[in-house]
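Reading through the structure tokens given below for one structure.
Each value in this text was obtained by applying a stated rule to the coordinates, not by laboratory testing. Not measured: the values here are computed from a predicted model. Every residue, glycine as well, gets a Cβ built from its backbone with ideal geometry; the counts of neighbours run over all protein chains shown.
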Amino acid sequence: MRPDQRTNTSVRTMGSGLGYLSRADGSAKFQFGKSSVLCAVNGPMAVKQRDELMDKAYISVSFTPLVGKGTTLDRLYERILEKIATLVIIDALHPRTMIRISFQVLADDGSILTTAVNAMMLALLDAGVPLNSTFAGVTTMVHTDGRLLLDPTVIELEEAQSVHNFVFDAISGNCIATNSTGVYTKEEFDGSYELASLACQSIHGFFKAAVKHKIEKEQGKE
């Protein structure tokens with residue numbers, strides 16, 4: 001058992017909420033245990049002439065860490081999140097506009113990139129942004145003792161030989177984004193891939209329940 005009594009192949013308790021910010025077109029908070037990220041989506045909206053694209057919307061992503069102005073790692077997270085957003089948003093429907101996606105880390109206890117990925121998924125749904133697919137993300141790590149762990153915490157990550165972030169498409173089941181660091185074998189990567197794929201299926205189910213809960217609440221069924 002791990003320090004928080006999970007098995008090696010279990011994610012932490014998930015939590016979410018949609019429509020947190022009244023001034024955003026869509027917003028959501030997602031949690032893996034104590035890790036929590038708030039995501040806000042605005043747009044399509046007016047765009048500065050220098051960023052205007054004639055055939056599609058310009059997608060702007062900002063990632064704000066828990067404290068400070070951000071590190072090189074935070075800028076990497078920003079680029080990864082922008083790449084995922086560009087893959088899934090049908091930006092050709094809104095040319096010469098901008099879609100702004102903003103992230104704020106509320107608490108960081110590990111797996112923060114994929115916590116942000118899942119917050120973005122829910123925020124895009126809340127904003128009604130047209131998408132060509134839905135997605136979910138999860139982190140795995142290979143411990144120095146060889147164990148494969150799902151959704152690692154900050155303490156566990158201190159003993160990681162390698163860390164792998166995966167994002168899977170809900171419809172096709174294909175991996176649409178991955179980021180790996182550290183030293184690992186092909187077998188360790190393949191094991192991480194399979195474990196993450198199964199975990200993302202359960203996360204997709206969680207998303208469906210979260211959206212259904214919001215709809216029922218708006219319809220006054222609660």
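Between residue 145 and residue 20, full extension at 0.36 nm per residue minus the direct alpha carbon distance yields a gain of 40.9 nm. Per residue of the chain, the DSSP helices (runs of n ≥ 4 H) give a summed -39500 (n - 2.57) that works out to -10500 deg cm²/dmol at 222 nm. Residue 121 sits among other residues whose Cβ lies under 13 Å from its own Cβ, and their net charge, with Lys and Arg +1 and Asp and Glu -1, is 0. Note on the chain: with charges restricted to the Cβ of Lys and Arg (+1) and Asp and Glu (-1), its dipole about the Cα centre is near 660 debye.
Using a simple spin-label model with pseudo-atoms 7 Å out from Cα toward Cβ, residue 93 and residue 48 lie 2.7 nm apart.
By the count of other C-beta atoms within 10 Å, a proxy for reagent exposure, 175, 200 are ordered fewest to most as 175, 200.
Relative contact order for region 1-86: what percent, with Cα pairs under 8 Å and sequence separation of 6 or more? Value for region 1-86: 15 percent. Rounded to 0.05, the FRET efficiency of the residue 175 and residue 9 pair, given R0 = 22 Å and the Cβ-Cβ distance, is 0.75. Using the Cβ of residue 67 as centre and a radius below 13 Å, the other residues enclosed give a net charge of -1, where K and R count +1 and D and E count -1.
Hey, how many Å between the Cα centroid of region 1-41 and the Cα centroid of region 59-82? Each part's Cα centre sits 18 Å from the other's.
Computed from the C-beta positions of residue 190 and residue 158 and an R0 of 35 Å, the FRET efficiency is 0.90 to the nearest 0.05.
Averaging Cα coordinates gives a centre for region 93-168 and one for region 175-214; these two points are 9 Å apart. Computed on region 71-222, with alpha-carbon pairs under 8 angstrom and 6+ residues apart, the relative contact order is 19 percent.
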